[in-house]
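J.: Structure incoming, see below.
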Amino acid sequence: MGALLLFKFPADRPPYLYGDATRLQQALLNYATNAIKFTEHGSVVLRVRVLETTDATQLVRFEVEDTGIGIDAEVLPRLFDAFEQADNSTTRKYGGTGLGLAITRRLAELMCGGAGAQSTPGVGSTFWFTARLAVKEGDGWDSVTTGRESPEELIRQRHAGRSILIVDDDPMNLEVARYLLEDVGLTVKTAEDGIRAIIRVQDKDCAAVLMDMQMPNMDGLEATRRIRRIAACHRIPILAMTANAFAEDKANCLAAGMNDFVVKPFDPDVLFAILLYWLDLGRAEDQENCTRRAMEASPGTIDRRQEQKCS
């Protein structure tokens, strides 16, 4: 019998809180995945607490509590360092690279928060992170978007039938991306690594590329560099697919010749907004002359949305 998954939310929470949904989802998934993996019996509880309230924001604490194997006290201080796990036997039995917690801490810091954990061996653990979210009263998101066509619908109207190349070595990622894009009327082609991508991208009807960063044989950055050397491919938008949405990753993407990037796991609304932007731009302007300006306006640009003072 597996662990029971429970959700607990405060009764006095405001009706609407606004933040970076993609980062919140990624951080919670990192914690929840670990909790379920290390909890063979008992429960995993996802809990939300409000720590601080101002006129415009709330500091919210997200917790994932489990009744799993627990972690020794001397290990906890370094657990959020990259490539750290409790011990080597953990890697052998459960797998993993030890990057998930480090990524979660970085995501929390970008949302003006922090991350940490408490644990007792043989009893269980509680992993937490905080994020400062904007408070909005009234009718919420629906009142903002009423009367506006979504990026999903605009792709159907403007770009139905256009061909998108998805490059990823993970069959599940390929199928998820294929499903989302075909559902809005796009035609999808796939490649499993950078070498195959270089061949497939030269099809005359390729309108954009979704490129994974880490693949066997040839990674996404090297594939992009080689694609940009092909005269016919200078103007094709190449959007990186990455789980690490940090400034250094963005810089590497741009230096290799990519135009933008999408954070995995996909938020469909974000994916459609970014893709619509570049498909529209590809028909209207020469991207070689406007990429820098376009990156400032693209909905996928992390720094533009997040380089704000945490106050």
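Every number in this text was worked out from the coordinates using simple rules, so none of it is lab data. The shown structure was predicted, so the numbers you read here are calculated from the model rather than taken from an experiment. Ideal geometry is used to build each Cβ from the backbone, glycine not excepted, and the neighbour counts take in all protein chains shown.
J.: Run through all the Cα pairs of the range 140-271 and give the fraction in each 5 Å bin from 0, expressed as whole percent.
T.: Calculated P(r), rounded to whole percents: 2, 11, 20, 23, 19, 14, 6, 3, 2, 0.
J.: Hey, another quick one. Quick check on packing: order 66-74, 258-266 by the mean number of other C-beta atoms within 10 Å, highest mean leading.
T.: 258-266, 66-74
J.: Can I ask one more? Under Stokes-Einstein, with the Kirkwood radius over Cα pairs standing in for Rh, what whole-number D in µm²/s applies to the range 19-68 at 20 °C and 1.002 mPa s?
T.: 177
J.: Let me ask something else. Of the listed pairs K136/K189; K8/K250; K204/K264; K8/K136, which have alpha-carbon separations greater than 30 Å here?
T.: K136/K189; K8/K250
J.: Net charge near E65, counting Lys/Arg +1 and Asp/Glu -1 over other residues with Cβ under 11 Å of its Cβ?
T.: My count for the surroundings of E65 gives 0.
J.: Normalising by the residue count of the range 182-240, find the relative contact order in percent from Cα pairs under 8 Å and 6+ residues apart.
T.: So the answer I get is 37 percent.
J.: Now for a separate question. Please report, to one decimal in angstroms, the Kirkwood hydrodynamic radius of the range 151-203 built from all distinct Cα-Cα pairs.
T.: 11.5
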